[in-house]
Every structure is written in C-alpha cells, then in structure tokens.
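For reference, the structure is listed below as structure tokens.
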Amino acid sequence: QVLPVESGGGLVQPGGSLRLSCAASGSIFVINDMGWYRQAPGKQRELVASINLGGRTTYATSVKGRFTISRDNAENVVYLQMSSLKPEDTAVYYCNTAWAGEYDDWGQGTQVIVSS
C-alpha cells in the first residue's frame, strides 16, 4: 500500500497560520473521501476535517471557522489551511481516507506545535 505523506508542520505562535499538505501517487484522492486527523499526547486520534468526492466538507466543532480543507485532484494533494491557531491545536496531524480507523495503515504525520 502507498501511504500519503504529510508535510508543512512546525512551530507557530498562537494566532498564527500553517498550511499542511498531503501527497500521494496514484488515484487515491479521486476515488476516496479524504480527511485530516490529529492526535495529541494522551488523547485519541480525532477527525478534524474531511472532504468527499463531491467537494463537500465537514469540520470538528473545535476547528470550524479556523481550518479549511481542500483538494487538488490533478496534483494528488489534499491541503489543510489552519488559521488563528491555539495551543490546544498542538498535535501530530495525519491524512488518510475519511473512513480510516485505528487498525488501518497510517503515515508518519506532521507535528504542529502552537506555543509562544
């Protein structure tokens, strides 16, 4: 299985912005609903945003209005634009199909740290 590769994380101050990218070869982004997940230390992995094949998006209440998920099928890339970042957004962020569970295959993720 070819896993998506996440990038774009880093250290940012509260109120700042980051854009995460998820890239993969093949047609995964045009045949699957895709999602961004995050996992903070000591917490369960949670779905924060998803985008379906028709472009419909969903967001967790905690990030609604601050995060935007988008997809570029021609380049096989899914993005997560994050704005007005808060310390509680600190986590490792992953992308996967929107239906992925804990026993599926996951990539390395990208670390986001929001701190002053």
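The values are calculated or read from the model by the stated rules, or taken from the named source; none is laboratory data. Predicted model, so just to flag it, every value in this text is computed and none were measured. All Cβ positions, glycine included, derive from the backbone under ideal geometry; neighbour counts span all protein chains shown. To get the accessible areas, we keep the full protein, side chains included, count just its heavy atoms, and leave off ligands, DNA and RNA. Shrake-Rupley method; radii C 1.70, N 1.55, O 1.52, S 1.80 Å.
What number comes out for accessible area per residue over region 76-116 if the probe is 1.4 Å? Units Å², please.
50 Å²
Using θ = phi - 60° and the Karplus relation 6.51 cos²θ - 1.76 cosθ + 1.60, list the HN-Hα couplings for region 90-100 in order, rounded to whole Hz, with x at every Gly or Pro.
Running phi through 6.51 cos²θ - 1.76 cosθ + 1.60 with θ = phi - 60° gives 4, 4, 8, 9, 10, 10, 5, 4, 5, 9, 5 Hz.
How high is the relative contact order of the chain, in percent, with contacts defined as C-alpha pairs under 8 Å that are six or more residues apart?
Details: 265 pairs, mean separation 43.5, N = 116.
Relative contact order here is 38 percent.
With all protein chains present and a 1.4 Å probe, how do Leu85, Leu47, Leu11, Leu53 order by accessible area, largest first?
Output order, biggest surface exposure first: Leu11, Leu53, Leu47, Leu85.
Using every alpha carbon pair in the chain, what percent of pairs falls into each 5 Å bin from 0 up to the bin containing the largest distance?
So the P(r) values, bin by bin, are 2, 13, 24, 26, 20, 10, 4, 1, 0.
Ignoring everything but the protein chains, give the 1.4 Å probe accessible area of Ser83 in square angstrom, nearest 10.
Roughly 40 Å² of Ser83 is accessible to a 1.4 Å probe.
For Glu6, what is the net charge nearby, where nearby means another residue's Cβ is under 12 Å from its Cβ and Lys, Arg count +1, Asp, Glu -1?
Once positives and negatives cancel, what remains is +2.
Pop the C-beta distance of Leu53 and Ser84 into the FRET formula with R0 = 41 Å and round what comes out to the nearest 0.05.
0.90
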